[in-house]
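Here the structure is laid out as structure tokens; the discussion comes afterwards.
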2 protein chains.
Amino acid sequence: MQRLRRLVQRRSTRQAERCFVAEGTKILAAALDAGAPVEGIYYDPAALGQPRAAALLERARVAGTRVFALREGVMGRVADTVTPQPVCAVVGFVDIALEQLAGEHRACGQLVVGQPAGRQPAAGEPAAAAICVCVDVRDPGNLGALVRVADAAGAGAVVACAGSADLYSPKTVRASAGSLFHLPVVTGGEPAAVLAQLAAAGYRRLGTVAGRGSDYATEDLSGKIALVFGNEANGLDDVLEPLLDGLLTVPMAGQAESLNVAMTATVLCFEIARRRRVDGGSPLLR
Amino acid sequence: MQRLRRLVQRRSTRQAERCFVAEGTKILAAALDAGAPVEGIYYDPAALGQPRAAALLERARVAGTRVFALREGVMGRVADTVTPQPVCAVVGFVDIALEQLAGEHRACGQLVVGQPAGRQPAAGEPAAAAICVCVDVRDPGNLGALVRVADAAGAGAVVACAGSADLYSPKTVRASAGSLFHLPVVTGGEPAAVLAQLAAAGYRRLGTVAGRGSDYATEDLSGKIALVFGNEANGLDDVLEPLLDGLLTVPMAGQAESLNVAMTATVLCFEIARRRRVDGGSPLLR
């Protein structure tokens, strides 16, 4: 249990072992659905009395996943939350290399919508809306919500550059609501190097900024787009601007505080999805 | 301090005294900007060393607001968060009656974008995008985020029906990021009665549902719209459907979990704002 607790608490342990802890029935079901590398599932005895958790454990056993009962109360000492989930699992990292993403793009010019994590995009599948690149997004809840939103809007991938929150922290995993297992994710890489590599792979890199960018509603969002999100408090670092092909802003009413990064991603990813759905991918709706 | 702590912890105390505790420099600045009924401001001695907090206290003093120093460490026992803010305030409730909202609508046919809380809409100001009605939205973080998003998108008001989370709980106030003071809010009222009253005031009531509603992207969202949001787990209660004029869905990709209520509100409120901005309020962009 020492190991479980360390995996929950320490990024360094997660990185050394290249695995993390996913908590809760829904998220574990998403991991199993996606064929993620689930190393073992742990459950509190109370889980057997909960139909969903019990069904999940049975399903995992049938699939050959190792399943371990914890002594009563142990889950509470392991878990990250005040009200611990009845089940958790140790899961291998699901991120892919940026080269895999960008290389595949060069080859087939598209990404797969909602594909299982770790799988490479295959040719002939529908073009993805866009990818989201997080530069210095520090809050794990924001990063997880962004992954969830990107997945729901059919974005092609999420890249969390070095300096951003850990994709595998318990908070990020929880906030992603299973979406971490649904779309390709990339983690690490210096922002400048990532942005250069995306340009080489044919992406237009559009930074999201408060106020001084173009209104997203009238901007061309067709083709291969990388939406770039900066730090919650300070936005995008000026030194990255030469590595961006444009700046987008979501205009806001009245005296509102700026939207948080996940809200901004929601507006932009769903606007791209809407245009491609409603007008078949032409550059602008009007 | 007993009173502060009770106001933080208990909805019943807040309702009996018709006031709540707002924490943090940004949120208090929003309250002062909006002319909200700030009864008194409390600060930790450490606040005097923080430029923003010190400036806020000075500003409040100049404006005649009562300001009290707390003994060191007291704020930590009062606050709702693990890392307490340097300042907090007791603020009178800012909600207005539904009749005020609906009656004013009947009179002038419009709401004010981003107006200070408690102020009634005045004639001649620009028409609002829509109002958001929360039926049984239980999570205070979701409700607060919805208020923030509604404000940012220029929505006309947020109504939190009886059964929803408390608009004035510390979590809601924090998640609203000051927006609670920017747009008219209404709290309480049985959902069926609220929906009937909104119809009488000329609103089209559009429920938000997963899967079975019309694609929001091709739906008419012009005119006076009330977007209706249901429970996080169970959606909108079937018994309310006769009181709705239509059902909207945000189509999602792949295997994604449904969006949370604040994410759905983000997509819909910003789509309405986009249409009114880009094509001057005509029913549909195309």
- Query: If you take the accessible area of B alone, add that of A alone, and subtract the area of the pair, what total do you get in Å², probe 1.4 Å, to the nearest 100?
  - Reply: 3300 Å²
- Built amide H within the under 5 Å cut-off of B:V228, gap 5+: B:V133, B:L206, B:G207, B:T208
- Query: Any idea what the dipole of the stretch A:226-274 comes to, in debye rounded to 20, about its Cα centre with Lys/Arg Cβ at +1 and Asp/Glu Cβ at -1?
  - Reply: 260 debye
- Task: Just need the relative contact order of chain B here, percent rounded to a whole number, with Cα pairs under 8 Å and 6+ apart.
- Result: 18 percent
- Message: Quick check on the stretch B:125-190: take the gyration tensor over C-alpha atoms, sort the square-rooted eigenvalues as a ≥ b ≥ c, and tell me if it's rounded (a/c under 1.5), prolate or oblate.
- Response: oblate
- Task: Compute the acute angle (0 to 90°) between the alpha-carbon long axis of helix B:140-152 and the principal axis of greatest extent of the alpha-carbon atoms of chain B; round to the nearest 10°.
- Result: 70 degrees
- Order these peptides, B:59-69, A:28-38, B:212-222, by their mean beta-carbon neighbour count within 10 angstrom, highest first. A:28-38, B:212-222, B:59-69
- Per-copy distances of the A:V239 label point, shortest first, in nm (7 angstrom along Cα→Cβ): 6.1
- Item | Ratio of Rg to Rh over the stretch A:144-224 (Cα coordinates, Kirkwood Rh, two decimals) | 0.98
- Distance from the Cα centre of the stretch A:31-98 to that of the stretch A:138-212, in angstrom? 25 Å
- Relative contact order for the stretch B:140-217: what is it in percent, counting Cα pairs under 8 Å that are at least 6 residues apart? 33 percent
- Note on the structure: A student asked for the Cα radius of gyration and Dmax of chain B in angstrom ought to give 19.5, 61
- Task: Find the chain B residue whose Cβ sits closest to the rotation axis that carries B onto A, and give that distance in whole Å.
- Result: B:T266, 2
- Item | Diffusion coefficient, µm² s⁻¹, Stokes-Einstein with Kirkwood Rh over alpha-carbon pairs of the stretch B:17-59 at 4 °C and 1.567 mPa s | 118 µm²/s
- Note on the structure: For A:K171, counting only lysines whose alpha-carbon sits under 21 Å away and dropping same-chain residues fewer than eight positions off, the answer is A:K26, B:K171
- About the Cα centre of the protein assembly as shown, what is the dipole size in debye to 20, counting +1 per Lys and Arg Cβ and -1 per Asp and Glu Cβ, all else neutral? 980 debye
- Query: Taking N as the number of residues in the stretch A:1-75, what value does Rg over Cα atoms divided by 2.2 N^0.38 Å take?
  - Reply: 1.10
- Message: Accessible area of the protein assembly as shown with a 1.4 Å probe: how many percent of it is carbon plus sulfur?
- Response: 50 percent
- Using a label position 7 Å from Cα in the Cα→Cβ direction, what is the ascending list of nm distances from A:R18 to the same site in the other copies? 6.4
- What ratio of Cα Rg to 2.2 N^0.38 Å holds for the protein assembly as shown? 0.98
- Message: Tell me the per residue accessible area of the stretch A:39-83 using a 1.4 Å probe; a whole number in Å² is fine.
- Response: 62 Å²
- Put a point 7 Å out from Cα along the line to Cβ at B:D215; what are the distances to that point in the other copies, in nm, shortest first? 2.4
- Net dipole in debye of chain A [+1 Lys, Arg Cβ; -1 Asp, Glu Cβ; about Cα centre; nearest 20]: 900 debye
- Given the options B:A165, B:A196, B:A262, which has the most mean-square fluctuation in a GNM of chain B, springs set between C-alpha atoms less than 10 angstrom apart? B:A196
- per DSSP, antiparallel bridges as share of beta bridges in the stretch A:125-272, % nearest 5, sits at 5 percent
- Task: Let me see the pair-distance distribution of the stretch A:152-282: every alpha carbon pair, 10 Å bin width, integer percents in order.
- Result: 11, 42, 38, 8
- Task: Give the angle, between 0 and 90 degrees and rounded to the nearest 10, that separates the Cα long axis of helix B:191-200 from the longest principal axis of the Cα atoms of chain B.
- Result: 60 degrees
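The values are calculated or read from the model by the stated rules, or taken from the named source; none is laboratory data. Nothing here was measured: the structure is a model prediction, and the numbers come from that model. Neighbour counts are summed over all protein chains in view; Cβ atoms, including those assigned to glycine, are modelled from backbone coordinates with ideal geometry. Just the protein is used for accessible areas: all its heavy atoms, side chains included, with ligands, DNA and RNA removed. Shrake-Rupley method; radii C 1.70, N 1.55, O 1.52, S 1.80 Å.
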